[in-house]
1. Looking only at segment 57-83, filter to residues that are within 22 Å of residue 20 (Cβ to Cβ) and outside any loop (DSSP other than H, G, I, E, B); which one of those is farthest from the chain's Cα centre (by Cα)?
2. Which number in (1) within 16 Å of the ligand (Cβ to nearest atom); (2) in contact (Cβ under 8 Å) with a residue 60 or more places away in the chain; (3) in a loop (DSSP other than H, G, I, E, B) marks the one condition that residue 229 misses?
3. Can you name the residue in segment 200-212 that is more than 15 Å from residue 223 (Cβ to Cβ) and out of contact with any Asp or Glu (no Cβ under 9 Å at 6 or more places or on another chain) and is also surrounded by the most Cβ atoms within 10 Å (Cβ to Cβ) among such residues?
4. Do any strands (runs of 3 or more DSSP E) lying entirely in segment 97-215 carry at least 1 residues that are within 14 Å of the ligand (Cβ to nearest atom) and among the aliphatic types (A, V, I, L, M), and which ones are they?
5. So which residues in segment 1-28 are in a loop (DSSP other than H, G, I, E, B) and in contact with a helix residue (DSSP H, G or I) (Cβ under 6 Å, 6 or more places away or on another chain)?
6. Restricting attention to segment 232-257, report how many residues are assigned to a strand (DSSP E or B) and among the hydroxyl-bearing types (Ser, Thr, Tyr).
7. Collect the residues in segment 213-238 that are exposed (fewer than 13 other Cβ atoms within 10 Å of the Cβ) and either farther than 21 Å from residue 136 by Cα or of a type in the set (Phe, Trp, Tyr) (or both), keeping them in residue-number order.
8. I need the full set of residues from segment 2-18 which are at pLDDT below 95 and at negative phi, in order please.
Amino acid sequence: GGGTAMDAVIAAVQFMEECPLFNSGKGAVFNAEGKNELDASVMDGFTGKAGAVAGVTIIRSPVEAARRVMDSSQHVMLSGKGAEAFAREQGLELVDPSYFHTDESWQEYLKVKERLEQEGRKGTVGAVALDSHGNLAAATSTGGMTFKKYGRIGDSPVIGAGTYASNESCAVSCTGHGEYFIRNSVAYDVSARMLYLGETVEQAAEYIINEKLKSQGGAGGLIAVDKNGNISMPFNTPGMFRGFVKQGAEPRVLMFR
Ligand code: ASP
């Protein structure tokens with residue numbers, strides 16, 4: 001409709017943050033203390049600017065807070081209480097932490113707690129977009145990994161790990177075992193391989209997810225769109241809930257291979 005890629009990724013991610021079916025915002029997974037600690041980030045491929053929040057507990061829309069860090073602060077990432085104080089200054093909606101609870105997530109937490117092992121059926125949310133002005137943007141929002149240690153921060157709010165966008169190459173949003181995505185700078189690596197090796201977005205994304213990460217035991221996947229509108233959505237897990245829409249084509253939603 002002529003809008004910007006940035007508005008599109010924020011709108012898509014906010015919709016999923018509000019929906020309890022995903023691991024972000026309402027319905028996010030619980031950490032080992034039984035609390036929701038949320039992470040989100042956003043990057044603008046046109047300006048190269050980025051924003052992120054990590055470990056926040058009372059901001060209704062972490063991705064909107066990430067956008068404000070980008071637009072209205074001099075920083076890239078704010079965490080915990082400082083991020084929440086900034087959100088308050090910005091007039092963002094703050095909620096009681098109980099807002100994020102859902103019975104389903106709580107039951108999952110209890111189950112995991114009982115077995116003391118990780119289990120996650122709900123996914124982190126992300127969106128990438130190319131707009132009609134040729135600008136790319138990416139956004140990611142998550143509750144992190146179920147039963148994560150209090151204070152643990154994953155890849156989702158880390159620019160270059162879970163989120164990256166550059167008009168020169170592509171926009172990327174990742175999901176999976178965050179520690180592997182941080183160690184491998186996954187989102188940035190997709191762009192770097194395209195620029196330095198001349199790979200297509202598909203070649204770069206496939207290599208990183210299905211060869212590099214897989215060989216290390218790093219489970220996950222990503223969604224990416226390049227500056228020409230080519231998309232790639234590789235994953236090395238049994239499934240990854242994903243969808244896309246292109247001008248003049250029917251929207252598609254996919255779950256497994
Ligand atoms: N990547 C997220 C994290 O490690 C979790 C996920 O995508 O499921 O926090």
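1. Out of the qualifying residues, it is 59.
2. (1)
3. Ranking the qualifying residues of segment 200-212, first place goes to 203.
4. Once the strands (runs of 3 or more DSSP E) in segment 97-215 are filtered for at least 1 residues that are within 14 Å of the ligand (Cβ to nearest atom) and among the aliphatic types (A, V, I, L, M), what remains is 125-130, 136-142, 170-176.
5. Let us first name the residues in segment 1-28 that are in a loop (DSSP other than H, G, I, E, B), namely 1-4, 19-28.
Within segment 1-28, 22, 24, 25, 26, 27, 28 qualify.
6. Selection size over segment 232-257: 1.
7. 215, 216, 217, 238
8. Listed by number, the list holds a single entry, 3.
The values are calculated or read from the model by the stated rules, or taken from the named source; none is laboratory data. Every value quoted in this text rests on a predicted model; they were computed, and no experiment measured them. Cβ coordinates were reconstructed from backbone atoms using ideal geometry, including for glycine residues, and neighbour counts include every protein chain displayed.
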